[in-house]
Amino acid sequence: MAGELCLDTTPLIHFEQAGLLSTLEELCQRVGETFAPVTVVGEWHPHAVAPEGHVVGHPWITTVTADHPADLRIVADLGNRYPTPPNRNQGEMDVVAISHRLGYTALMEDLVGCRQADDYGVPHIAIVTMLAAAVAYEHVEQRTAWRVHRDVEATRGTYHSILLADSIAKRGFTGAVAAFRALRRRHDPGFSAFLALPNRDGILLAAARAAMDRAG
């Protein structure tokens with residue numbers, strides 16, 4: 001249901017590398033309960049699952065296992081249609097399967113994983129999309145959100161977010177925040193439900209590109 005996030009490995013790894021895992025926690029708690037498949041936790045070295053069912057040292061993340069028959073059917077289907085090397089994309093497939101069954105919103109950035117989520121109608125958002133929406137909902141100041149995006153982006157190496165973190169992209173982020181604010185003024189379903197609505201990433205990108213184009 002809207003109000004619950006299911007995390008892929010990317011936000012966990014890069015917020016931790018940026019020293020901002022507590023910021024991710026705060027953002028997720030603004031949305032609602034936070035979950036992660038045990039496979040994702042296994043990819044997030046050196047973290048482990050506590051006997052109580054949460055991530056060791058991070059009780060705000062509840063672990064879930066994609067072992068329901070409905071989950072297994074989805075994982076098998078995705079594995080057939082998106083062939084990858086063994087143990088590759090398992091976390092993303094489990095995020096999609098669990099989110100489909102339980103109605104979660106996926107926080108993920110893997111391109112294949114996002115395609116798989118779209119195949120099953122699972123709402124998904126990128127980190128920068130959650131940050132822009134958090135600004136629009138006045139959960140964080142815009143300059144703080146941009147700094148978080150910049151610092152997380154700096155940990156990525158050759159890979160990057162759907163929106164870069166340079167001075168031009170900063171204008172795009174401002175445009176995306178304005179677009180989300182306008183959407184909220186027209187219809188405010190609440191922060192968690194807003195993130196669960198379709199195509200949040202697409203709206204962010206369209207607004208960011210328009211703002212960057214206007215800036216020349």
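Accessible area per residue for the chain is 47 Å², calculated with a 1.4 Å probe on protein heavy atoms, without ligands, DNA or RNA. Positive end of the dipole of the chain, charges at C-beta (+1 Lys, Arg; -1 Asp, Glu), about the Cα centre: which of HIS187, VAL122, THR158 has its Cα farthest in that direction? Going by the Cα projections, it comes out as HIS187. For the chain, with all protein chains in place and a probe radius of 1.4 Å, 53% of the accessible heavy-atom surface sits on carbon or sulfur.
Placing R0 at 35 angstrom, the Cβ-Cβ distance between ILE168 and ARG88 gives a FRET efficiency of 0.60 after rounding to 0.05. Dipole magnitude for the chain: computed about the Cα centre from +1 point charges on Lys and Arg Cβ and -1 point charges on Asp and Glu Cβ, it is near 940 debye.
Please report the orientation-averaged projected area of segment 36-131, defined via the convex hull of its C-alpha atoms, in nm².
6.5 nm²
For segment 66-156, what relative contact order do you get, as a whole percent, if you take Cα pairs closer than 8 Å and at least 6 residues apart?
Rounded, it is 20 percent for segment 66-156.
Using a probe of 1.4 Å, the accessible surface attributed to ARG147 totals some 100 Å² when neighbouring protein chains are kept in position.
Of VAL41, VAL64, LEU197, which is farthest towards the positive pole of the chain's charge dipole, taken about the Cα centre with +1 and -1 on the beta-carbons of Lys, Arg and Asp, Glu respectively? Farthest towards the positive end: LEU197.
Given their separation in residues at 0.36 nm each and the Cα-Cα distance between them, ARG181 and TYR159 gain 5.0 nm when the chain is fully extended.
Peptides 27-33, 8-14, ordered by how many other C-beta atoms sit within 10 Å of their residues on average, highest first, read 8-14, 27-33.
Dimensions of the chain from C-alpha coordinates, computed as largest minus smallest value along each principal axis and given longest first, are 49, 35, 33 Å. Dividing the helix sum by the residues of the chain, where each DSSP H run of 4 or more adds -39500 (n - 2.57), gives a mean residue ellipticity at 222 nm of -17500 deg cm²/dmol. Rg/Rh, computed from the Cα trace of segment 166-216 with Rh as the Kirkwood radius, has the value 1.02. Take every Cα pair under 8 Å whose residues are at least 6 apart in sequence, average their separation, divide by the length of the chain, and the relative contact order is 22 percent.
The string of couplings for segment 40-47 from the Karplus curve (6.51, -1.76, 1.60, θ = phi - 60°) is 5, 4, x, 7, 9, 5, x, 7 Hz, one whole number per residue in order, with x for Gly and Pro.
In the chain, the DSSP beta bridges split such that about 20 percent are antiparallel, to the nearest 5.
The values are calculated or read from the model by the stated rules, or taken from the named source; none is laboratory data. Nothing here was measured: the structure is a model prediction, and the numbers come from that model. Note: ideal-geometry Cβ built from the backbone for every residue, glycine included; neighbour counts use all protein chains shown. Keep in mind that these areas ignore ligands, DNA and RNA; they rest on the heavy atoms of the full protein, side chains included. Shrake-Rupley method; radii C 1.70, N 1.55, O 1.52, S 1.80 Å.
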